[in-house]
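> Quick one: the structure is below, questions incoming.
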Amino acid sequence: MTLAGAVTAAAGLLLAPQRTWANLLLACLFLLGLGLAGIFFVALQYATGAGWSVAFRRVPEAMSAVLPYGAAGLLLVLLLRPSLYSWTESLPGDPAFWFKRLWLNYPFFLLRSAVYLGLWILFSRRIVGLSRRQDRDNDVRFTRSNIRLSVLFIVVFAFTCWLASFDWIMSLEPEWYSTIFGVYNFAGLFSSGLAMILVLAITLERAGPLRGYLTADHLHDLGKLLFAFSTFWMYIWFSQYMLIWYANIPEETNYFVRRLNGFWEPVFILNFLLNWAAPFAVLLHVPAKRSPGMLLKIAWTVLVGRWVDLYLMILPTFAGKLPVFGIWEVGIIAGAAGLFFLVVLRALGQAEIVPGNDPFLEESLHYHN
């Protein structure tokens, strides 16, 4: 799959460059989102003193290993195809845009991007490294260090994820703005990350490595988190849409008018169905949250929904009035998926699948909600 994606991207850069670059941007942001969600989940557990997730913590830790690959791909896109961002050529001369002209400065834009990515990679490597040292040396001071480091990471992540959403996605249409766009992007990012944790954890339990460690109670809590964050995504989605619709300011409404006209409207509705309606309707029931088969179906639904969400954020800027979906999209999706699983499986093989010397492991193994 990774090889097929690489061949597709190489051919696309020659035959359909603008569309291919846009899809590469989407793929890199998708990979970065999964990696960030993994390390954010780990940091959240440390910062809150939660012990229930220790039994499967290696799964989100392994997901964070994809961050350097997503970061390298994104930097290549930003360096080699700056024309994806129309503001690199010109910005409106309206005096009201003075701050945008100051902020959307290409060298400053690249510098900020490098800082965001560098901080995320440094924090993730340090947190994962301390987790593995705790398991290897059986010294509780590594867990204490990770608690402090995780609190700091969450603060840094809150600001950098918010700003990165503005820089890499919202500035594709520089005349449009939404003050809660960063929160909206975080909601989708973390929902898809929870979905991927479920996919990997259930697969590892069925394959054997997590058998006897991952229980229905763990799945129940992961299902509750996915239910909560898909609903949070919907809340932010509606807040953003309703306020822009109500105010009816042309600079704001153009974003939604473009996505609600013609053949984009079914994609717009599909986004809503995949990211909220389906998980809400199914996970509202307790048995569904304890059923591995049902959770897998909903998790894959949310992951497809995340791709559709990013597609709606990015592609209408370049595709015009008609959505495009063909070899360039399929090949690059396959390549990103193949790369993700190659990296994650390799990372899972670099440490014991269950952190045996973690001070909270017993709590996790005997956890009941």
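The values are calculated or read from the model by the stated rules, or taken from the named source; none is laboratory data. These numbers come from a predicted model, not from an experiment. Cβ sites come from the backbone with ideal geometry, for glycine too, and all protein chains shown count toward neighbours.
> Regarding the range 78-100, can at least one residue be identified that is in contact with a Pro (Cβ under 9 Å, 6 or more places away or on another chain), buried (at least 23 other Cβ atoms within 10 Å of the Cβ), farther than 18 Å from LEU303 by Cα and not charged (D, E, K, R)? Please lay out each step first, then the result.
Of all residues in the range 78-100, those in contact with a Pro (Cβ under 9 Å, 6 or more places away or on another chain) come to 81, 85-89, 91-92, 97, 100.
Those still in the list that are buried (at least 23 other Cβ atoms within 10 Å of the Cβ) too: none.
No, because not a single residue in the range 78-100 is in contact with a Pro (Cβ under 9 Å, 6 or more places away or on another chain), buried (at least 23 other Cβ atoms within 10 Å of the Cβ), farther than 18 Å from LEU303 by Cα and not charged (D, E, K, R).
> For a quick check of your reading of the model, give me the residue pairs whose first member lies in the range 50-64 and is in a helix (DSSP H, G or I), whose second is of a type in the set (Asp, Glu), with beta-carbon atoms closer than 7 Å and at least 6 apart or on different chains.
VAL54/ASP358
> Looking at the range 255-266, is at least one residue in contact (Cβ under 8 Å) with a residue 40 or more places away in the chain, charged (D, E, K, R) and farther than 30 Å from ALA351 by Cβ? Before the answer, list the steps.
Applying the first criterion (in contact (Cβ under 8 Å) with a residue 40 or more places away in the chain) to the range 255-266 yields 255, 258-259, 261-264.
Now drop any that are not charged (D, E, K, R), which leaves 258-259.
Checking which are farther than 30 Å from ALA351 by Cβ leaves us with 258-259.
Scanning the range 255-266 turns up at least one residue that is in contact (Cβ under 8 Å) with a residue 40 or more places away in the chain, charged (D, E, K, R) and farther than 30 Å from ALA351 by Cβ.
> Please tell me if GLY118 is surrounded by fewer than 18 Cβ atoms within 10 Å (Cβ to Cβ) and modelled with pLDDT under 95. Full working, then the answer.
Numbers: surrounded by fewer than 18 Cβ atoms within 10 Å (Cβ to Cβ): yes; modelled with pLDDT under 95: no.
Against the criterion (surrounded by fewer than 18 Cβ atoms within 10 Å (Cβ to Cβ) and modelled with pLDDT under 95), GLY118 does not qualify.
> Could you tell me whether PHE41 is under 14 Å from the mean Cα position of the chain (by Cα) and either surrounded by 17 or more Cβ atoms within 10 Å (Cβ to Cβ) or hydroxyl-bearing (Ser, Thr, Tyr) (or both)? Let's see the steps before the verdict.
Values: under 14 Å from the mean Cα position of the chain (by Cα): yes; either surrounded by 17 or more Cβ atoms within 10 Å (Cβ to Cβ) or hydroxyl-bearing (Ser, Thr, Tyr) (or both): yes.
Judged against the criteria, PHE41 is a match.
> Could you go through the range 317-327 and let me know if any residue there is over 30 Å from GLU175 (Cβ atoms), in contact (Cβ under 8 Å) with a residue 24 or more places away in the chain and aliphatic (A, V, I, L, M).
Let us first name the residues in the range 317-327 that are over 30 Å from GLU175 (Cβ atoms), namely 327.
Keeping just the survivors that are in contact (Cβ under 8 Å) with a residue 24 or more places away in the chain gives 327.
Next cut, aliphatic (A, V, I, L, M) only: 327.
Yes, that holds for at least one residue.
> Tell me which residues, restricted to the range 260-286, are surrounded by fewer than 16 Cβ atoms within 10 Å (Cβ to Cβ) and within 14 Å of GLY223 (Cα to Cα).
Passing the criteria: PHE280, ALA281, LEU284, HIS285, VAL286.
> Does ASN254 qualify as being part of a helix (DSSP H, G or I), modelled with pLDDT under 95 and not hydroxyl-bearing (Ser, Thr, Tyr)? If you could, list the steps in order and put the result at the bottom.
Numbers: part of a helix (DSSP H, G or I): yes; modelled with pLDDT under 95: yes; not hydroxyl-bearing (Ser, Thr, Tyr): yes.
Taking the combined requirement at face value, the residue satisfies it.
> Can you name the condition, by its number, that THR231 falls short on among (1) under 21 Å from the mean Cα position of the chain (by Cα); (2) of a type in the set (Ser, Thr, Tyr); (3) under 19 Å from GLU61 (Cα atoms)?
(3)
> Going by the conditions given, is LYS289 surrounded by fewer than 20 Cβ atoms within 10 Å (Cβ to Cβ) and either under 20 Å from SER165 (Cβ atoms) or of a type outside the set (S, T, N, Q) (or both)?
Working: surrounded by fewer than 20 Cβ atoms within 10 Å (Cβ to Cβ): no; either under 20 Å from SER165 (Cβ atoms) or of a type outside the set (S, T, N, Q) (or both): yes.
It is false that LYS289 is surrounded by fewer than 20 Cβ atoms within 10 Å (Cβ to Cβ) and either under 20 Å from SER165 (Cβ atoms) or of a type outside the set (S, T, N, Q) (or both).
> Related question: Identify, please: which residue in the range 129-159 is within 23 Å of the chain's Cα centre (by Cα) and surrounded by 19 or more Cβ atoms within 10 Å (Cβ to Cβ) and is, among those, farthest from TRP245 (Cα to Cα)?
Looking at residues that are within 23 Å of the chain's Cα centre (by Cα) and surrounded by 19 or more Cβ atoms within 10 Å (Cβ to Cβ), I get SER131.
> Residues in the range 140-157 that are modelled with pLDDT of 95 or more and either outside any helix (DSSP H, G or I) or over 16 Å from GLN45 (Cα atoms) (or both): how many?
1
> Turning to a different aspect of this structure: Quick one: count up the residues across the range 283-339 that are part of a loop (DSSP other than H, G, I, E, B), closer than 19 Å to ALA195 by Cβ and in contact with a helix residue (DSSP H, G or I) (Cβ under 6 Å, 6 or more places away or on another chain). Don't jump to the end; show me each part of the working.
First, pick out the residues of the range 283-339 that are part of a loop (DSSP other than H, G, I, E, B): 284-285, 290-291, 315, 320-326.
Retained after the next criterion (residues that are closer than 19 Å to ALA195 by Cβ): 284-285, 290-291.
Next, only the ones that are in contact with a helix residue (DSSP H, G or I) (Cβ under 6 Å, 6 or more places away or on another chain) stay: 290.
Count: 1.
> What tally of residues in the range 334-366 results from selecting those that are surrounded by 20 or more Cβ atoms within 10 Å (Cβ to Cβ) and under 28 Å from ALA71 (Cβ atoms)?
So in the range 334-366, the residues surrounded by 20 or more Cβ atoms within 10 Å (Cβ to Cβ) come out as 335-336, 339-340, 343-344, 354-355, 358, 360, 364.
This time we only want the ones that are under 28 Å from ALA71 (Cβ atoms), so: 335-336, 339-340, 343-344, 355.
Summing the residues that are surrounded by 20 or more Cβ atoms within 10 Å (Cβ to Cβ) and under 28 Å from ALA71 (Cβ atoms) in the range 334-366 gives 7.
> Within the range 161-195, which residues are aromatic (Phe, Trp, Tyr), in a helix (DSSP H, G or I) and in contact (Cβ under 8 Å) with a residue 24 or more places away in the chain?
Kept after step one, since they are aromatic (Phe, Trp, Tyr), are these residues of the range 161-195: 162, 166, 168, 176-177, 181, 184, 186, 190.
Right, trim to in a helix (DSSP H, G or I) and you get 162, 166, 168, 181, 184, 186, 190.
Scanning the range 161-195 gives TRP162, TRP168, PHE181, TYR184, PHE186, PHE190.
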